[in-house]
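Encoded as structure tokens, the structure appears first; notes follow it.
The values are calculated or read from the model by the stated rules, or taken from the named source; none is laboratory data. Remember, it's a predicted structure, so these values are computed and weren't measured experimentally. Please note: Cβ atoms are built from the backbone with ideal geometry, for glycine as well, and neighbour counts cover all protein chains shown.
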Amino acid sequence: MAPTACRLGDCVAGARATVVSLGCGENEACRLRELGLMEGASINIVDARHCMLLDVRGSRFALSPAITAGITVLPSR
């Protein structure tokens, strides 16, 4: 069975996923794309306790739960 898309905020530390869509505000989406977090990008979730620490193309940054709730990803197996 193929994995189904979910919110980035629902992923756990150690998971890998591919970004499907950015459903946050226009300014936030533009900034995320500048950082490399765009549709089709492969990401690793490093930590998911208070905020979500991501590794995207060798760079790490943290996102708030409000931002991760609007990002749709497809988890990797």
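Here is a yes/no grid of residues against (1) touching a Cys at 6+ places or on another chain (Cβ under 6 Å); (2) surrounded by 13 or more Cβ atoms within 10 Å (Cβ to Cβ):
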position	(1), (2)
Leu37	no, yes
Gly40	no, no
Val46	no, yes
Arg49	no, no
Leu53	no, yes
Val56	no, yes
Arg60	no, no
Ile67	yes, yes
Leu74	no, yes
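Here are some residues: Arg60, Arg49. Which one is of a type in the set (Lys, Arg), modelled with pLDDT of 95 or more and farther than 20 Å from Pro3 by Cα?
Values: Arg49 fails: modelled with pLDDT of 95 or more.
Going through Arg60, Arg49 in turn, the sole match is Arg60.
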